[in-house]
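What follows is a set of notes on a single structure, which appears directly below.
Read the figures in this text as sums done on the coordinates, not as results from a lab. From a predicted model like this one, the values you see are computed outputs, not experimental measurements. Don't worry about glycine lacking a Cβ; one is built from the backbone with ideal geometry, like all the others, and counts go over all protein chains shown.
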Amino acid sequence: MPNIQTFSSVKNPAYRMYFGGLIGHMAGINMQMIARTLLVYRLTGSALILGLMSLANALPMLLLSLFGGAIADRVQKKYILTIGQASSALVSFGVALVLTFSYLSAEREGSWWILIMASALQGSIMGLMMPARQAIVPEIVGEDQIMNAMALNNFGMNIFRLLSPALAGLLIDIIGFDAIYYLMAGLYFISFIFTLFIPSTSKIVKRSSSALADIKEGLKYIRYETHILLVLVFTLICIFLSMPFIFLLPIFTDDILMVGATGMGVLVSVSGVGALFSSLVLASLPNKKRGKMMLMGGIMVGMALAIFAFSRLWYLSLILIAFIGIGQTLYMTLGSTLIQYYVSPTYRGRVMSILMMNFGLTGIGTFFAGMLSDNVGVQYTIGGFALVLVIIAFLAFIFIPKVRNLD
């Protein structure tokens, strides 16, 4: 039986409302990841267009995340979350309707642009909302519970990372894509309801400066807090190099492993099993040696992904993707925890907005990976990215004690 401290943040009623909203949102995102990437690949058969869709999602996040952080430091974060959840539900419902009425279909050549537009809208919403989602956690649970709360966040996300993709893949094979989008809209709406019950948390201070001036001030703060800067850079590099494989997974499942949508859902779900395990372990650990564990997570992801890229064996791929899930949870959870722990509350929203640019960097990485995959093949592309990650993470572990020694 796990130590009761593993779930200590759940005793907080405000955190329970936050957690309910989070898992509804992440369940929708994980279904969207399967449905959107597989749908556009089946409509076009192009790795380049897969990358283009990710780029359309990424650019608004990169452009708007900094503003999202500045807004999060100015207004109640709860309001940002409720508007974001409602908007996500509307976008998914709109895609479901165009699928139902066949405006988006293989028979309508070029209709894939609708998915590109929906991806861009979702990226805009995420860019403005996600800094507030991250920055509100310490205001709800307090600094001593940040690591526990962040690990439980990942635990909740990974439960649905485990269940949602397999369910999405199965439903796609049985009843089609439109049902998935209706279900996603419902999940986002449930998240909206939970978020309404989060109490107001922020201490709002009126600012005479503009949002751009606030952003500049936040960037200056990060520049001089080198331990925060180094953790941010390492985490973003890991995301840029390791996450694109998820968005190119339809190529592996359809063309290399030959397992289809159901197999793709199973692979992502097994990755979620590894992530779930590491989330529970992190939630139970004391606040020690977090820098070392974060760096080791980057090394683990790179090594497992390098082998996965060239695997043609189904069961070997399942084992490897579980280790990828473990490593990703280590560097993402610990990177976010360390930043939240060491940052000044005055700058928390703006600093977390830099970290939330990871979603945009994932899209840009996927775009370049898609272009390379069309020329040199997806296996050499993803394998090359993974080897670069192993080298960077290993060098960081050896030569950057300021990060390695962080507790």
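Computed quantities for the displayed model
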| quantity | calculated |
| --- | --- |
| K288 versus K220: modelled label distance in nm, points set 7 Å from Cα along the beta carbon direction | 4.0 nm |
| Distance in nm between pseudo-label sites at I175 and F368 (7 Å out along the Cβ direction from Cα) | 4.1 nm |
| Extension gain from V388 to Y342, taking 0.36 nm per residue of separation minus the Cα-Cα distance | 13.7 nm |
| Helical mean residue ellipticity (222 nm; -39500 (n - 2.57) per DSSP H run of 4+; nearest 500) of the chain | -27500 deg cm²/dmol |
| Contour excess over end-to-end distance, with Cα ends at R312 and H227 and 0.36 nm allotted per residue | 26.5 nm |
| Per-pair calculated FRET efficiency, R0 = 60 Å: T201 and I256 via Cβ, rounded to 0.05 | 0.80 |
| FRET E, pair F277, I83, Förster distance 35 Å, beta-carbon r, rounded to 0.05 | 0.50 |
| Charged-residue dipole, Cβ positions (Lys, Arg, Asp, Glu), the chain about Cα centre, Debye nearest 20 | 1220 debye |
| Most positive-pole-ward Cα, L152, I136, S124, against dipole of the chain from beta carbon charges | I136 |
| Nonlocal amide H pairs with S111, under 5 Å, H built at 1.01 Å | S105 |
| Exposed-site-free run, longest, the chain (rule: GluC sites (Glu not before Pro); DSSP loop; at most 15 other C-beta within 10 Å) | 110-407 |
| Top of L282, L167, L316 by mean-square fluctuation, Gaussian network on the chain, Cα under 10 Å | L316 |
| Gaussian network model of the chain, springs between alpha carbon atoms under 10 Å - residue of V75, V301, V137 with greatest fluctuation | V75 |
